[in-house]
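Below: one structure, written as structure tokens.
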Amino acid sequence: KANGVEMRVEESLAKYLLGFDYKIATEEDWTAEYDGLTIAIRSVKDLEEAITIINSNGSHHTDCIITENKEKQDEFARRVDSADVFINASTRFADGFRFGKGAEVGISTNKIHARGPMGMEGLMIYKYVLVGNGHMVKDYSGKNAKPYTHRKIDLRED
């Protein structure tokens, strides 16, 4: 609340949020794409259910998992069909500048967007995976901002 974040949570999770301000989530919250500091939180029985819900109801823009389990992190990154997949980091990092691409015009969630003659680059699609440890955007801006690091990682299954 001190940072202006609005939480919308599944009713079964309310018992864990004593002392916090929150709203009980509605069905619309599970398919909403918020343009602000709002988060919808729900419980799932396992990773399979989480991935199914995200791939069926999500915007395919940016999705995040919070877990210490490396195998689940890797599976989530491979199987979630979103342009940006974040592990243990704020989804507010979804930004062209933060990805080292300068100012962005927009983020496409389509599989192909080219029109007219194109080469191989025009046929390629990308998935960006950000791996963090509770990282927040505010630590990477301002006077004492931490620097960004960009590197390629291999998520192919062997």
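No value in this document is a laboratory result; all are computed from the given coordinates. Keep in mind it's a predicted model, so treat the numbers as computed, not measured. Note: ideal-geometry Cβ built from the backbone for every residue, glycine included; neighbour counts use all protein chains shown.
Given the options Ala77, Ala40, Ala145, state which has the largest fluctuation in a GNM of the chain using a 10 Å cut-off (strictly under) for Cα springs.
Sorting by GNM fluctuation, first place goes to Ala145.
So what J values fall out for segment 24-40 if you push phi through Karplus, 6.51 cos²θ - 1.76 cosθ + 1.60 with θ = phi - 60°, rounded to Hz, Gly and Pro as x?
Listing the rounded values in order: 6, 5, 9, 4, 5, 5, 6, 10, 7, 10, 7, 10, x, 8, 10, 10, 10 Hz.
Could you calculate the contour length gain from Asn69 to Ile24, that is, 0.36 nm times the residue separation minus the distance between their Cα atoms, to one decimal place in nm?
13.4 nm
Can you check what the net charge comes to around Ala145, using other residues whose Cβ is under 13 Å from the Cβ of Ala145 (Lys, Arg +1; Asp, Glu -1)? Show your work: numbers first, answer last.
On the way: positive: Arg98, Lys138, Lys143, Lys146; negative: Asp139.
Taking every other residue near Ala145 into account, the sum is +3.
How do Glu10, Glu68 line up, fewest other C-beta atoms within 10 Å first?
Glu68, Glu10
Restricting everything to alpha-carbon atoms, can you work out Rg to Rh for segment 30-113 with a Kirkwood hydrodynamic radius?
Computed over Cα atoms, the ratio is 0.95.
Between His60 and residues 5 or more places away or on another chain, which pairs have amide H atoms under 5 Å apart, with H built 1.01 Å from N, and which residues are they?
Excluding prolines and chain starts, which carry no amide H, there are no hits.
Divide, for segment 1-43, the radius of gyration over alpha carbons by 2.2 N^0.38 Å, where N is the residue count.
Ratio of Cα Rg to 2.2 N^0.38 Å: 1.10.
Contour minus end-to-end for Arg78 and Ser56, with contour as 0.36 nm per residue of separation and end-to-end as the Cα-Cα distance?
Fully extending the segment from Arg78 to Ser56 adds 6.3 nm.
For segment 34-74, what is the largest minus smallest coordinate of the Cα atoms on each principal axis, given in angstrom and ordered from greatest to least?
31, 21, 18
Residue by residue, what Karplus-based ³J(HN,Hα) values in Hz, rounded to whole numbers, does segment 61-68 have, using 6.51, -1.76 and 1.60 with θ = phi - 60° and x for Gly and Pro?
Here the 3J(HN,Hα) series is 8, 9, 9, 9, 10, 10, 6, 8 Hz.
Per the helix-only calculation at 222 nm, which mean residue ellipticity applies to the chain, given -39500 (n - 2.57) for every DSSP H run of n ≥ 4 and division by its residues, nearest 500 deg cm²/dmol?
Value at 222 nm, helices only, nearest 500: -4500 deg cm²/dmol.
What does the extension gain come out to for Leu13 and Lys143, with contour length at 0.36 nm per residue minus their alpha carbon separation? Please list the in-between numbers first.
On the way: separation 130, 0.36 × 130 = 46.80 nm, distance 3.77 nm.
Residue separation times 0.36 nm, minus the Cα-Cα distance, leaves 43.0 nm.
Relative to 2.2 N^0.38 Å, what does the C-alpha radius of gyration of the chain come to as a ratio? Two decimals please.
Dividing the Cα Rg of the chain by 2.2 N^0.38 Å gives 1.14.
Take Thr38, Thr26 and order them by how many other Cβ atoms sit within 10 Å, fewest up front.
Thr26, Thr38
Considering only Glu75, Glu27, Glu49, give the residue with the highest GNM mean-square fluctuation for the chain, with springs between Cα atoms whenever their separation is below 10 Å.
The residue with the greatest mean-square fluctuation here is Glu27.
What's the exposure ranking of Lys70, Lys152, going from fewest to most Cβ atoms within 10 Å?
Lys152, Lys70
Hey, in the GNM for the chain with a 10 angstrom Cα cutoff, which one of Asp63, Asp95, Asp84 fluctuates hardest?
So, out of Asp63, Asp95, Asp84, the one fluctuating most is Asp95.
Give me the angle, in degrees from 0 to 90, between the Cα long axis of helix 47-57 and the longest principal axis of the Cα atoms of the chain, rounded to the nearest 10.
Computed tilt is about 70 degrees.
Note down the relative contact order for the chain as a percent, whole number, built from C-alpha pairs under 8 angstrom at least six residues apart.
Reported as a whole number, the value is 18 percent.
Relative to the first principal axis of the alpha-carbon coordinates of the chain, what is the inclination of helix 70-79, with its axis defined by its Cα atoms, in degrees from 0 to 90 and to the nearest 10?
Taking Cα atoms only, the helix is inclined about 60 degrees.
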